[in-house]
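Working notes, structure below.
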Amino acid sequence: MAVFKPENVEDFYEIREVLGSGHFGQVRRVCERTSGTCWAAKFMKLRKNACSRLGLERSSVEREVEILQAVQHPNIVTLKDVFESRAEVVLILELVSGGELFDFIAEKENLLESEAIEFMKQILAGLGFMHSKNIAHFDLKPENIMLSDKVSSHPNVKLIDFGLAYFFNQGEEYRSTSGTPQYIAPEVINCEPLSTACHSCCVLSVLRLSGLSPFQGETNEETLRNIIAMKYDFDERYFSTTSSMAKDFIEKLLVKNPKYYIIFIAVICFQPITRKQVTNRNRSSINMKTFKKFNARRKWKVSLDMYRQCESDVEDTESKPASLLRRRLSSSS
Ligand code: ATP
């Protein structure tokens, strides 16, 4: 178990600009006073009492810390230190300065399928490592896939935000109703037992290849209905430049309750075998127009969700039902 240091974080780190905001606080760049090295500090407000709807339970923060300590991998953000005061916990994390992977892609004029696959491989390497430790992320979405830096032409993928992640004990049944609608697994919506076989990763691969969320409906409710029904299609308008191998890969992933870990499928499907497959792979590209549109809409939606979240937190109406958008409210074994 990590030590939650009682000292004041500001005695050790100089607090700098905001890097991002989550539902439970801000992430800021901080510089270590002794060495000058920069890190990211995630400030998480603690729930004042059991009745309060604001802030996080300490047990939930402990879980995030424990999981971060267990998943030390080049494609996963590293935890350096933890500080605690009466009102908040501060996680000192590796500074991931390359921004979101999706923004990096959206700025490009063109992205080959083979390049997208390189990113996918790194995501799967991080997830595969977590799965080998019986840990599932459960909140895999574009906002949580970042890049190590802005300077190198081939930056490393870094998975962040382990707030919904879960460590499975042998034979344990775990259910949760938390997540983000577009990326949520049908098992979560149906309140079925969950496992590390992760559905959202395949949704991400579809997005990456077509620039289109395969289950996206007009409303969150419609999106959730599409996910439960596994309703999706390869519309020619968006998938005309996608290779048949990639479509085959997606179809294999888009099954409910997959009996196998995606990492295996990835190994099989990402390897072009014949010369023709290699040529097709190199010619196939990402539908950038749709991707850019999707990304702009996604960013707008994230801001809107955050705004709504802030408003409802201010109202603090305890009678409101737990929603699928709200994080870490309900989780039960
Ligand atoms: P959410 O409620 O959206 O799940 P959260 O409260 O759990 O968020 P994070 O997702 O961990 O918080 O962080 C919020 C944002 O802060 C991220 O989207 C990202 O922009 C930024 N961020 C988080 N960790 C880092 C990091 N290690 N380096 C740089 N920026 C980071």
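The values are calculated or read from the model by the stated rules, or taken from the named source; none is laboratory data. Please read all numbers here as calculations on a predicted model, not as lab measurements. Ideal geometry is used to build each Cβ from the backbone, glycine not excepted, and the neighbour counts take in all protein chains shown.
Number of residues in the range 58-85 that are without any contact (Cβ under 8 Å) to a residue 40 or more places away in the chain and outside any helix (DSSP H, G or I): the value is 2. When the range 99-122 is limited to residues that are polar (S, T, N, Q) and over 18 Å from the mean Cα position of the chain (by Cα), the one that is farthest from R28 (Cα to Cα) turns out to be S114. Of the residues making up the range 144-162, those that are in contact (Cβ under 8 Å) with a residue 12 or more places away in the chain and more than 16 Å from the ligand (Cβ to nearest atom) number 1.
Of all residue pairs spaced 6 or more apart or on separate chains, those with beta-carbon atoms under 7 Å, a first member in the range 89-101 that is of a type in the set (S, T, N, Q) and a second member that is more than 7 Å from the ligand (Cβ to nearest atom) and part of a loop (DSSP other than H, G, I, E, B) are S97/D149; S97/K150.
Scanning the range 1-38 for residues that are near the ligand (Cβ under 8 Å from one of its atoms) and in a strand (DSSP E or B), we see that the one that is farthest from L164 (Cα to Cα) is R29.
The single condition from (1) in contact with a strand residue (DSSP E or B) (Cβ under 9 Å, 6 or more places away or on another chain); (2) in contact (Cβ under 8 Å) with a residue 40 or more places away in the chain that I105 fails is (1). The set of residues in the range 39-51 being small (G, A, S) and either touching a residue at least 12 places away in the same chain (Cβ under 8 Å) or within 13 Å of the ligand (Cβ to nearest atom) (or both) consists of A40, A41.
Please verify whether the range 131-143 includes one or more residues that are of a type in the set (D, E), modelled with pLDDT of 90 or more, touching a strand residue (DSSP E or B) at 6+ places or on another chain (Cβ under 8 Å) and within 16 Å of the ligand (Cβ to nearest atom). Looking through the range 131-143, none of the residues is of a type in the set (D, E), modelled with pLDDT of 90 or more, touching a strand residue (DSSP E or B) at 6+ places or on another chain (Cβ under 8 Å) and within 16 Å of the ligand (Cβ to nearest atom). Screening the range 35-62 for residues that are more than 12 Å from V89 (Cβ to Cβ) and basic (K, R) and picking the one that is modelled with the highest pLDDT gives K48. You will find that of F162, F104, F119, F129, the residue that is of a type in the set (A, V, I, L, M, F, W, C) and not in a helix (DSSP H, G or I) is F162 and no other.
Candidates are the residues of the range 86-101 that are part of a strand (DSSP E or B) and more than 11 Å from the ligand (Cβ to nearest atom); the one that is surrounded by the fewest Cβ atoms within 10 Å (Cβ to Cβ) is E88.
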